[in-house]
Every structure is written in C-alpha cells, then in structure tokens.
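Written below as structure tokens is the structure these notes are about.
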Amino acid sequence: MTAFSECLASAGRFGRGYAKILLAGIEPGRFARKPRFETSAGVKVVDTNHPAFIFGHLSLYPARLFTLLGADAKSVEAPAAWGDLFKAGAACRDDVDGTIYPAMEAITTRFFSAYEAAVEHVKSVPDDVLARVNPNEQARDRFPTIGVLVNFYLNGHVMMHMGQVSAWRRCVGLPSAM
C-alpha cells in the first residue's frame, strides 16, 4: 500500500461511513419516495433524487473503478437491470407503489459491499498505475489521471450524492444525521 492509495481508501471509508449515518431513521417505505408537502394549491412534490435512486446510482461505479484499474469487476457489478434505472441522466421517479425500484435492503447491501471491495482494492494499487493518464479522453480535462478519477469515484461523487440524501432527509422531516 502506498501513501496515495491509503489516502484514497481512507477518504472512501469516510464517505461510506457517512452514508451509513444518513440512512438512520429512513423507513423502507420512504426510501424511494420524493418529499411532498401541502400548499394552499394542494400537494407539492419536491423534484429531487430520493435515497433509492442515489444509492442505486452510486452502486454502478465500483465496477467502473475496477475496470479502470484493470481488475475483474464481476464481484462488484450491480444487477444488469440497474444500468438503465440508475444511470447518469436517468429520471428519478417517485415510487408511490414500490414497484419501480429494488428494495432498500437490496440497494444498500449492494452499495456497501461494492464500495467496501473498491476501497480494499484501491489499497493494493501502485502509484504508477494511479499516475497513468486517464484513458477516457472526454473526461481527461476534469480527471487527468487514473488516480484523480478513482478519487472522484470513491470520494467526490459519493459525497456529492450524500449531500442530496442529507437535503432529502430534511425535506421529509427527518433530523440532521450528525
């Protein structure tokens, strides 16, 4: 393990820990629901991502990390049906009847196990691999090296979406998680 890979892994563990904290108090029946509130004109639905969408979306990225690092991604791949449901740009829908998204336990189990595997794998990646040029030319201006992209997958991307979960919590009347 190198100093850089340990930095990536440590930050990844922190993000995963924060995700666990944010799940406290979320009932499975609310997990895939958008916030709503009463107005004088009727019920208003807040158009925001709910935790089912957020955790499902993030569950797609450990496989990308493994592939980027030249490792076998089979053990961390999300179910194939999740690709279209949770891909970047997919619409987050209010799952009133609980029929659109997988169950909370399925999504969170996949998220935590895949990120745990990703964090453990990153600890073994040598600096020369992390220093390589990002093979994705379209993203290279934002993420010039593999290490910078891995950092985003494990840290920036997770924390960005955990901010959405935190805001969602407040919109549905849950207290601050911390």
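Values as computed for the structure displayed
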read-out	value
Cβ-based net charge around VAL45, under 13 Å, with every Lys or Arg adding one and every Asp or Glu removing one	+1
Peptides ranked, highest mean first, by Cβ atoms within 10 Å: ranges 115-121, 19-25, 170-176, 53-59	53-59, 115-121, 19-25, 170-176
Fully extended contour minus Cα-Cα distance, from MET178 to PHE14, at 0.36 nm per residue	57.7 nm
Residues of segment 101-135 with amide N under 16 Å of a point placed 7 Å along Cα→Cβ from SER75	110-125
Eligible lysines near LYS34 by straight Cα distance, threshold 22 Å, same-chain separation 8 or greater	LYS20, LYS44, LYS87
Taking segment 1-62 and dividing mean pair separation by its residue count, relative contact order in percent (alpha carbons under 8 Å, at least six apart)	21 percent
Sites LYS123 and ASP47, calculated FRET efficiency, Cβ-Cβ separation with R0 45 Å, nearest 0.05	0.70
Over the chain: helical MRE at 222 nm, DSSP H runs n ≥ 4 each giving -39500 (n - 2.57), nearest 500	-14500 deg cm²/dmol
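Each reported figure results from applying straightforward, stated rules to the coordinates on display, with no laboratory input. Given the structure is predicted, the values throughout are model-derived calculations rather than measurements. Glycine gets a Cβ as well: all are built from the backbone with ideal geometry, and neighbour counts include every protein chain shown.
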